[in-house]
Structures are given as C-alpha cells and as structure tokens.
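Throughout, read-outs are computed from the coordinates displayed, never taken from laboratory work. Fair warning: this is a prediction, and the values are worked out from it, not measured in the lab. Cβ coordinates were reconstructed from backbone atoms using ideal geometry, including for glycine residues, and neighbour counts include every protein chain displayed.
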Amino acid sequence: MEPLPVSKPSILLACNFPERLTRLLGERYVVHGPMGRSASDAVPAGGHEARALLTMGTMKTDRALLDALPKLGLVAYFGTG
C-alpha cells in the first residue's frame, strides 16, 4: 500500500526575501507573496491559507493582518538586534 500524498503547508511572505531563500522555502512549502504591503487587504490569493507569516522587524504586523490569516500558527521575524 502506497502512502497518501502529503500536501505542503502554505506560508506567506510579507515582503521580498532573497531569491535563494524563497526557492528553498518553495521546496517544502507553498509560498504566497510577497505582499505589496503589510496589510489585511494586501493578502494575495491563497495567502489566507497560510500557516506561517514571514516578515521583517521593520514591517508593521497589526491585528487586522493577523485576523485576516485564520490558519496562522507562526509569525517569524527576520532582523538583527
């Protein structure tokens, strides 16, 4: 008996990340975005299914954006400091 195919979880990029990182993420996840801006009305098609939001510390991530992502389980911030 063959194992059932496992679908990749969806993630949402709030901004542009290096091409190599985006490509590597695409090997394990369905990548949506990057968003044009960090706002609830800027979530791209399919982005509402995201289990994780990848953003940068310099970008605003407000309650409205989080509420627009009902399946969200992780917000990952890239930055230094």
## Note on the structure
Between Lys71 and Arg37, the two model label points (7 Å from Cα along the beta-carbon direction) sit apart by a distance in nm of 2.7 nm
### Task
Run the quick spin-label model on Ser7 and Asp62: label points 7 Å from Cα toward the beta carbon, then report their separation in nm to one decimal.
3.1 nm
#### Entry: Nonlocal amide H pairs with Val30, under 5 Å, H built at 1.01 Å
Ser10, Ile11
## Note on the structure
Against the 2.2 N^0.38 Å rule of thumb, the C-alpha Rg of the chain sits at a ratio of 1.14
## Note on the structure
Once the dipole of the range 1-78 is set up from charges on Cβ (+1 Lys and Arg, -1 Asp and Glu), the residue from the list His48, Thr22, Leu66 lying farthest towards its positive end is Thr22
### Message
I want to verify a result. In a Gaussian network model of the chain, Cα cutoff 10 Å, which of these has the top mean-square fluctuation: Pro34, Pro44, Pro18?
### Response
Pro18
### Task
Would you grab the residues whose amide H sits under 5 Å from the one on Phe78? Only those 5+ places off in sequence or on another chain, please, with H modelled 1.01 Å from N.
Thr55, Met56, Gly57
### Query
Which whole-Hz ³J(HN,Hα) couplings does the range 15-25 yield from phi under the Karplus relation 6.51 cos²θ - 1.76 cosθ + 1.60, θ = phi - 60°, glycine and proline marked x?
8, 6, 10, x, 4, 4, 4, 4, 5, 5, 4
### Message
With +1 on the Cβ of every Lys and Arg and -1 on the Cβ of every Asp and Glu, and nothing else charged, how large is the dipole of the chain about its Cα centre, in debye rounded to the nearest 20?
### Response
160 debye
